[in-house]
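The values are calculated or read from the model by the stated rules, or taken from the named source; none is laboratory data. Everything quoted here is computed from the prediction, not taken from an experiment. Don't worry about glycine lacking a Cβ; one is built from the backbone with ideal geometry, like all the others, and counts go over all protein chains shown.
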Amino acid sequence: MLLFERGTLELWTGLVIIILLGAAALFAPFLSTHAPFRTNPENWLCPPCKEHLFGTDRLGRDLFSRVLYGGRFSMAVGCLSMLLSVGIGLCAGLIAGSYGGIVDETVMRLTDIVLVFPTMLLVLSLIALFEPEPWMVVLVIGGTGWPGIARLVRGEVLQLKEAEFVSSARMLGAGRFRIIRYHLLPNAVAPVLVAATLCVPAAIMMEAGLGYFGVGVQPPVPTWGNMLREAQLYLRHAWWYAFFPGLFLFLTVFGFQLTGEGLRKKWGLSPSVRRG
């Protein structure tokens with residue numbers, strides 16, 4: 001019966017996909033059949049076979065190994081960017097919602113300033129000003145993804161402030177920090193977790209977009225985005241070149257989306273939580 005509870009099927013399906021892909025990326029050095037940087041010009045654009053499960057690229061490098069190693073970077077960027085976005089958004093939302101007044105107005109106007117710019121254009125501009133190092137990609141993606149979390153947390157805090165248990169704690173002499181720590185923050189965790197699971201695929205897609213436009217992490221370091229960029233010139237002659245990086249990218253995003261939707265249904269949260 002547990003399998004048919006609301007949201008359970010989506011949740012477990014998403015978790016299985018994430019765990020399998022995460023394990024494949026984590027254990028890439030043990031699962032890969034070839035060195036991801038080793039070139040073989042005599043074996044370029046080889047179709048999938050026993051020796052090269054996903055075929056080879058334009059330089060004869062094994063695509064199976066490169067897809068696994070690319071997943072390590074793409075998923076690391078997604079998770080680290082999510083942690084940064086959630087950390088900034090959670091603090092900003094708690095401060096804005098609990099303090100109110102001029103503090104609330106200031107924080108919300110700051111989120112509006114970040115939201116008013118097209119995200120991809122803003123990220124491209126920031127990346128263009130600095131070297132596209134992995135840590136810079138994480139900082140830029142995470143540093144531009146927090147406004148939705150902040151608005152979500154602020155809305156939850158504004159509702160919780162009117163609850164009886166918060167009023168009772170205030171009447172008993174609890175300070176603002178204690179109320180935030182023991183009453184507001186624990187009760188705002190559920191929607192934040194749902195939003196966090198949706199931040200990861202958004203960050204992964206952003207990193208893939210940067211790699212596709214050539215401003216993300218540069219080759220020969222493999223990422224799904226720059227692999228798709230390299231493959232676009234060979235779509236007619238080597239379908240596997242773009243298919244396998246695109247498939248893993250799709251499955252990763254799909255797994256996190258299913259997990260977030262399953263958590264939302266299981267906890268009975270509003271669909272607006274998905275949008276932040």
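Observations on the model:
- Single residue of region 8-45 satisfying the filter (without any contact (Cβ under 8 Å) to a residue 24 or more places away in the chain and farther than 19 Å from Phe248 by Cβ) that is farthest from the chain's Cα centre (by Cα): Glu42
- Residue selected from region 187-208 under the condition within 17 Å of Leu80 (Cβ to Cβ) and of a type outside the set (A, V, I, L, M, F, W, C), by the criterion surrounded by the most Cβ atoms within 10 Å (Cβ to Cβ): Glu207
- Flag if Leu184 is surrounded by 16 or more Cβ atoms within 10 Å (Cβ to Cβ) and within 20 Å of Val253 (Cβ to Cβ): no
- Conditions (1) at pLDDT below 80; (2) surrounded by 12 or more Cβ atoms within 10 Å (Cβ to Cβ): number failed by Gly143: (1)
- Residue count for region 214-267 under the criterion of being surrounded by fewer than 21 Cβ atoms within 10 Å (Cβ to Cβ), of a type in the set (Ser, Thr, Tyr) and within 16 Å of Phe73 (Cβ to Cβ): the result is 0.
- Scanning region 95-133 for residues that are surrounded by 11 or more Cβ atoms within 10 Å (Cβ to Cβ) and of a type in the set (D, E, K, R) yields a count of 4.
- Residues that are without any contact (Cβ under 8 Å) to a residue 60 or more places away in the chain and more than 30 Å from Tyr99 (Cα to Cα) number at least 1 in the following helices (runs of 4 or more DSSP H) confined to region 161-247: 189-213, 224-231.
- Qualifying residue in region 157-166 (condition: farther than 15 Å from Leu184 by Cα and either modelled with pLDDT of 85 or more or in contact with a Pro (Cβ under 8 Å, 6 or more places away or on another chain) (or both)): no
- Leu258 meets all of the listed conditions (1) in contact (Cβ under 8 Å) with a residue 12 or more places away in the chain; (2) more than 20 Å from Gly87 (Cα to Cα); (3) out of contact with any Asp or Glu (no Cβ under 6 Å at 6 or more places or on another chain) but one, namely (3).
- Within region 29-78, considering residues that are among the small types (Gly, Ala, Ser) and at positive phi, the one surrounded by the fewest Cβ atoms within 10 Å (Cβ to Cβ): Gly60
- Number of the condition not met by Gly211 [criteria: (1) closer than 30 Å to Glu162 by Cα; (2) modelled with pLDDT under 85; (3) crowded, with 22+ Cβ neighbours inside 10 Å]: (1)
- Filter result (of a type in the set (S, T, N, Q) and either over 15 Å from Gly148 (Cα atoms) or not in a helix (DSSP H, G or I) (or both)) within region 84-117: Ser98, Thr106
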